[in-house]
Amino acid sequence: MKTVRRLLYRDITAAVFFVAVAFLSLFYFIDFVDELEDVGKNGYRLAHALLSGVLELPAHFYELFPIAVLIGTIFALARMAQSSEFTILRTGGLGPGRALGLLALLGALFAVLTFVVGDYLAPLSERAAVELKAQFSGGRRLGGSGAWLKDRRSQPDGSTRSVSVNVLRTTPEGVLEGVRIFEFDADGRLVTRIAARYARIGAGQWVLDDAQVTHWPDPAVAQEALPVDEAHHTQLAWPSSLDARVVAAAVLPLSTMSTVELWRYSQHLSSQEQAANRHAIQFWKRALYPLACLVMVALALPFAYLQARAGGISYKVFGGILLGISFVLLNNVAGHVGILRNWTPWLVAAAPSTLFLLLSLGAFTWLVRYR
């Protein structure tokens, strides 16, 4: 059995990584061509375009590796079936259950590799890519209305005030720019507004530069016609529980966050009564996506039972490509529909893999029983 395991693992692993390298080469070329548009602007050189493409590779590997596992496994098993090697292995005692167990172990190893790359290497490289592009574009603009954060502040009298923070963009050094802070009392009335040019996040407080503070009087004494209090501060220390991790999660793309960071940020959004379904779905997709490698090897196994002594491999590989594309499409569509319909996050993330796993096991059972 060790010889059989070595034979299967060697052929499948070689085919899988060959397909992965082919995919990564294609996507690197596409990213590089896309970056050429910015070469020569603001000191952005050809070397930076090459480096940016390299930094995108771990994320592409994470997204494409399950598809490479499917196509590579189909190719290896179809080639063994064509040369009758798989038939010899079956007559030598490699039953359907044992074959499924061997491939499941290999799929688990592929899943571990996918998790390590997607949870550690890809977020770091994506963040480095974002910082590289921000360095030559004068910072990073956070959409048309910027990024919004929420916080709560306890007052000496025991009341709680809600705080909404808007950040327009970040500088190349990671400093927040165009910061607006709105503080509301328990009845939802605007109490304080702070507009600062820059903000730096410290331990338990933000340091605001060039801050304009507007404070409205308490409604209880408003009848005394007190004026609105306005003050300008060259530098202002603003207490806040919004630390650097929460702010980074709000201003950086989701691809720069690990599974743990996605979980923490989704919990923060829930505690602040903000919509957290998008981040919760992304967390479950990130947590369950490596298991797609197990689904892919199970989906590829039925192709070994389709006998073809001459030709047929190209059709099987093409079928594998279509299955891989349909899996990615279904996975993305399920995520978007889940956000729109506010479905249970873990069900949205698990549905595509579960559907394809049932499809593979059904096809495998039918082929073993009737073919």
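The values are calculated or read from the model by the stated rules, or taken from the named source; none is laboratory data. Worth saying up front: this structure is predicted, and the values here are computed from it rather than measured. Cβ sites come from the backbone with ideal geometry, for glycine too, and all protein chains shown count toward neighbours. Heavy atoms of the whole protein, side chains included, go into the accessibility calculation; ligands, DNA and RNA do not. Shrake-Rupley method; radii C 1.70, N 1.55, O 1.52, S 1.80 Å.
Look at region 134-156: where a residue is touching a residue at least 12 places away in the same chain (Cβ under 8 Å) and a partner is among the hydrophobic types (A, V, I, L, M, F, W, C) and part of a loop (DSSP other than H, G, I, E, B), sitting 6+ places away or on another chain with Cβ atoms under 6 Å, you get 149/242; 151/242. Among the residues of region 115-133, none qualifies, meaning not one is part of a helix (DSSP H, G or I) and touching a Cys at 6+ places or on another chain (Cβ under 7 Å). Taking residue 16, is it of a type outside the set (D, E, K, R), crowded, with 18+ Cβ neighbours inside 10 Å, in contact (Cβ under 8 Å) with a residue 24 or more places away in the chain and out of contact with any strand residue (DSSP E or B) (no Cβ under 9 Å at 6 or more places or on another chain)? So residue 16 passes the test.
Against the test of being in contact with a Gly (Cβ under 8 Å, 6 or more places away or on another chain) and under 30 Å from residue 359 (Cβ atoms), the options 68, 15, 81, 76 yield a single qualifying residue, 15.
I need the full set of residues from region 265-276 which are closer than 12 Å to residue 246 by Cβ and surrounded by fewer than 16 Cβ atoms within 10 Å (Cβ to Cβ), in order please. Selection gives 267, 271, 274. Selection of region 313-371 for residues being open to solvent by 60 Å² or more (accessible area, probe 1.4 Å), in a helix (DSSP H, G or I) and of a type outside the set (A, V, I, L, M) yields 314, 315, 318, 332, 336, 341, 346, 354, 365, 366, 369, 370. Return yes when residue 214 is within 26 Å of residue 189 (Cα to Cα), at pLDDT 85 or above, open to solvent by less than 60 Å² (accessible area, probe 1.4 Å) and of a type in the set (S, T, N, Q) and no when it is not. Spelling it out, residue 214 is indeed within 26 Å of residue 189 (Cα to Cα), at pLDDT 85 or above, open to solvent by less than 60 Å² (accessible area, probe 1.4 Å) and of a type in the set (S, T, N, Q).
Looking at 223, 205, 235, which one is surrounded by fewer than 14 Cβ atoms within 10 Å (Cβ to Cβ), at pLDDT 85 or above and farther than 15 Å from residue 182 by Cα? Exactly one of 223, 205, 235 is surrounded by fewer than 14 Cβ atoms within 10 Å (Cβ to Cβ), at pLDDT 85 or above and farther than 15 Å from residue 182 by Cα, namely 235. Residues in region 1-49 that are touching an Asp or Glu at 6+ places or on another chain (Cβ under 7 Å) and not in a helix (DSSP H, G or I): 44 only.
Assess whether residue 263 counts as being without any contact (Cβ under 8 Å) to a residue 24 or more places away in the chain, at negative phi, of a type outside the set (Ser, Thr, Tyr) and in contact with a helix residue (DSSP H, G or I) (Cβ under 9 Å, 6 or more places away or on another chain).
yes
Within region 177-200, the set of residues being closer than 16 Å to residue 147 by Cα and either open to solvent by 60 Å² or more (accessible area, probe 1.4 Å) or in a loop (DSSP other than H, G, I, E, B) (or both) comprises 180, 197, 198, 200. Quick check on residue 279: is it modelled with pLDDT of 85 or more, assigned to a helix (DSSP H, G or I) and crowded, with 20+ Cβ neighbours inside 10 Å? Judged against the criteria, residue 279 is a match. Candidates are the residues of region 126-148 that are surrounded by 20 or more Cβ atoms within 10 Å (Cβ to Cβ) and within 30 Å of residue 291 (Cα to Cα); the one that is nearest to the chain's Cα centre (by Cα) is 126.
If the requirement is being open to solvent by less than 50 Å² (accessible area, probe 1.4 Å), small (Gly, Ala, Ser) and touching a Phe, Trp or Tyr at 6+ places or on another chain (Cβ under 6 Å), which of these qualifies: 300, 304? Going through 300, 304 in turn, the sole match is 304.
On inspection, residue 284 does not qualify as free of Cβ contacts under 8 Å to residues at least 60 places away in the same chain and either of a type in the set (A, V, I, L, M, F, W, C) or not in a helix (DSSP H, G or I) (or both). The lone criterion from (1) open to solvent by 70 Å² or more (accessible area, probe 1.4 Å); (2) over 27 Å from the mean Cα position of the chain (by Cα); (3) more than 27 Å from residue 299 (Cβ to Cβ) left unmet by residue 43 is number (1). Checked against the criterion of being in a helix (DSSP H, G or I) and either out of contact with any Cys (no Cβ under 6 Å at 6 or more places or on another chain) or buried (at least 19 other Cβ atoms within 10 Å of the Cβ) (or both), the candidates 94, 100 yield just one match: 100.
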